[in-house]
Amino acid sequence: MKITDLEKNVGNFNLKIDDLYIQPGLIHGLAGHNGSGKTVLLKLIMGILNPDSGKIDLEGIDRRNMTMMSQRPYLLTGSVYDNIIYPLKLRKIKPVESKIDELLERTGLLAQKNQYARSLSSGERQKLSFLRAIIFKPEFIIMDETLSNLDPESERAIVETIKGIQQTRPVTWLMVSHGQDVREELCDIIHYMEKGRITDEVVKG
Amino acid sequence: MERIADWFVKCFTDEAILSAIGVTLKMAFFSCLISSVLGITAGLLLERYNFKGKKLIIRINRTMMGMPPVVAGLVVYLLLMRRGPLGMLGWLFTVKGMIVAQALIIVPIMTGMVHQHASGKAPAIREFCMTVGAGRWQTVWTVLREMRHDIYFCIVTAFGRSISEVGSVMLVGGNIKGKTRTMTTAISLLKSQGIFTEGIALGVVLLVMAFIIQWLCDFLQKEESADENN
Ligand SMILES: Nc1ncnc2c1ncn2[C@@H]1O[C@H](COP(=O)(O)OP(=O)(O)OP(=O)(O)O)[C@@H](O)[C@H]1O
Ligand SMILES: [Mg+2]
């Protein structure tokens, strides 16, 4: 995915990305201070916001095969299970119960399977958001601080799940994370942002 | 005790009273149905799309929400009277005419309420729909589904408005016994004639209905507040 001369103003904030390339199949990290424009950039990529000018070339990826886990996930009325199978329902795919139970188990949400989603704690909400995003096997996954608020075991479980997905099929990831350890463990490339600009890029290895 | 029971039996076998109840329910049901379809659609569209003159439309709608029902009744009367623009329909002094008047009162209320609820909730729902790749109609459906409690609440409120209306119904319907007489218009007539018993019976029915509606509203709001746990 290629971004060129992208510009967006929200309120007094100005975002300007001259050149950003997201390489297919790699895990990209996005780091920067609060208010540096990470969420705005992710929303532009997801198509939630429209750019004032410039271009986002998805290079053939269908937006329906992209997903984004919001910083504050929207939870549908209904149970945890209802939420997780929702993307499958949209695609008329029949959920495989054992598979879903296995995912819930791995992230420690199995006991909450039939709980009302909006009664979840904030960490549990993030985990639900993660499962709901990967369930339909998108080819491009955006995560906005999904790993914050998680206890170490849960964080580990998600990191391992991401690695597992990466080994079975090529998925492109773009994740905002404040945790340096996770970034260094997972990300192939880290982009640094400051005041609406990309200021640095670090390639691992 | 027995006498009260007898009196109730007498009231609720009285054809005029049963007719008033029937007319009220019919009028409330259809005006509520029409208003719901129009009001929900308009409210959601108004939230969804930005266009020139939108602010003006919202302001006009607010004004209409506060319009005294008698004025709506008068407008519909003028439209439906024999020499009026819609006179050929022959709807004056019929239940149909009353439904039109009611719709004129309730559609703006419904539109305004739905618009307000949608402004608070729909953007986040649409945003979410985008992140999971929902199509256009799937998104519309999801917004409706997620807002269902608000929408039920609006419908129940509209129904409550409709059964309690007097002025416009009297004007447009003419309060014709057995035909366009409703519970409320019957009560006001009976009272003016100094007959209280039947009025009380109808009043009791109206109170019971108001109670049920109130209870439904409370129930829906409780469901709603259990949702807000952010
Ligand atoms: N709708 C808006 N109206 C006005 N200002 C906005 C709007 N959305 C974002 N901003 C501003 O744009 C800047 C960037 O916001 P953004 O949410 O992208 O930050 P962020 O990098 O994601 O921060 P965080 O790490 O706290 O999530 C902030 O200063 C924010 O106040
Ligand atoms: Mg952010």
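Relative contact order for segment B:2-224 using alpha-carbon pairs under 8 Å, separation at least 6, rounded to a whole percent?
31 percent
Can you work out ³J(HN,Hα) from phi for every residue in segment B:167-180, in order, using Karplus 6.51 cos²θ - 1.76 cosθ + 1.60 and θ = phi - 60°, giving whole Hz and x for Gly and Pro?
Karplus values, whole Hz, x for Gly and Pro: x, 5, 5, 4, 5, 7, x, x, 6, 7, 4, x, 10, 10.
Between B:L78, B:L56, B:L38, where does the largest GNM mean-square fluctuation fall for chain B, given springs only between Cα atoms within less than 10 Å?
B:L56
In terms of modelled amide H atoms, which long-range or inter-chain residues lie less than 5 Å from the amide H of A:L49?
A:L44
With springs only between Cα atoms under 10 Å apart, run a GNM on chain A and tell me which of A:K127, A:K89, A:K113 wobbles the most.
A:K89
Using a 10 angstrom cutoff on alpha carbons, build the Gaussian network for chain B and name the most mobile of B:L46, B:L80, B:L207.
B:L207
Using modelled amide H (1.01 Å from N, peptide plane; none on Pro or chain starts), what sits under 5 Å from the amide H of A:M143, excluding residues fewer than 5 places away?
A:M69, A:L174, A:M175, A:V176
Tell me which of B:A201, B:F219, B:V23 sits at the most positive position along the dipole axis of chain B, charges placed on C-beta atoms (Lys, Arg +1; Asp, Glu -1).
B:V23
Placing unit charges on C-beta atoms (Lys and Arg positive, Asp and Glu negative, everything else neutral), compute the dipole magnitude of the protein assembly as shown about its Cα centre in debye, rounded to 20.
Here the size comes out at about 2020 debye.
At 222 nm, what value in deg cm²/dmol follows for the protein assembly as shown if DSSP H runs of at least 4 each add -39500 (n - 2.57) and the sum is divided by all its residues, to the nearest 500?
One gets -19000 deg cm²/dmol as the mean residue ellipticity at 222 nm.
Given the pairs A:K137/B:K55; B:K54/B:K177; B:K177/B:K222; A:K2/A:K127; A:K89/B:K222, which span a C-alpha to C-alpha distance of over 32 angstrom in this model?
A:K137/B:K55; B:K54/B:K177; B:K177/B:K222
Bear in mind these aren't lab numbers, they're just calculated from the coordinates by the rules spelled out. A quick note: this is a predicted structure, and the numbers were derived from the prediction, not measured. FYI the Cβ positions are ideal-geometry reconstructions off the backbone, even for glycines, and counts take in every protein chain you see.
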